[in-house]
Amino acid sequence: MRVSELMSSPAVTAAPSASLRSIAELMGVHGVGAVVVTDSRPPIGIVTDRDLVLRGLACGLDPESAASAVMTTPVITLSVDDGTADAYRVYRRSGVRRLPVVDGHRTVGILTVDDMLMDVFRRMADLLSGPIADSVLAEYLDPRSARREGPGGRT
């Protein structure tokens, strides 16, 4: 399977000059934890919610500071033609949780660890193909099910 079949598309992007405030707003509006930083075509960095907190807020940066002040660079990417085995290898070696997907120099999507976990779960559900697996998958994929409980029943 290709990463292009699992990725979220399009990726949320911003210029390196975008303010930290605007990056945070983009994350909120689009419900994402990362924004790919581009300067014309190829991605040059990525800003995660963690970057905003640890490199921005914790360091006392002004909310109008540029994204380039906190972005992770160089950005590690995958190609639309890469397979899931390639993605697993990159995740293991890099320790990142989000990988922009490129087609040539153009950012076309983003692949997250969560996307990969859902692929694993779907494959397991295919193997089990029973009512329990089907109901768990349906509940997770139902957009009306906004509440996803974590350990101890907390969201």
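The values are calculated or read from the model by the stated rules, or taken from the named source; none is laboratory data. Quantities reported herein were computed from a predicted structural model and do not represent experimental measurements. Cβ coordinates were reconstructed from backbone atoms using ideal geometry, including for glycine residues, and neighbour counts include every protein chain displayed. The accessibility values were calculated without ligands, DNA or RNA, using every heavy atom of the protein model including side chains. Shrake-Rupley method; radii C 1.70, N 1.55, O 1.52, S 1.80 Å.
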Accessible area per residue in Å² at 1.4 Å probe, computed on region 76-130: 57
Separation in nanometres of the label points that stand 7 Å from Cα toward Cβ, at S22 and S79: 3.3
Percent antiparallel among DSSP beta bridges (both partners in the chain, rounded to 5): 80
Net dipole in debye of the chain [+1 Lys, Arg Cβ; -1 Asp, Glu Cβ; about Cα centre; nearest 20]: 300
Stretchable slack from E64 to R50, in nm (0.36 nm times residue separation minus alpha-carbon distance): 3.3 nm
Of (i) 11.9; (ii) 14.2; (iii) 10.6, the label for mean projected area of the Cα convex hull in nm² derived from the coordinates: (iii)
Cα long-axis angle, helix 131-141 against the chain (0 to 90 degrees, to the nearest 10): 20
Cα→Cβ-extended label distance, 7 Å offset, between R92 and F121, nm: 2.3
Cα long-axis angle, helix 84-94 against the chain (0 to 90 degrees, to the nearest 10): 50
Per residue accessible area in Å² of region 1-60, where ligands, DNA and RNA are left out and the probe is 1.4 Å: 55
Principal-axis tilt of helix 20-30 within the chain, Cα atoms, nearest 10 degrees: 20
Computed helical MRE - 222 nm, the chain, DSSP H runs ≥ 4 contributing -39500 (n - 2.57), nearest 500: -10000 deg cm²/dmol
Carbon + sulfur, % of accessible area of region 31-106 - ligands and nucleic acids excluded, 1.4 Å: 51
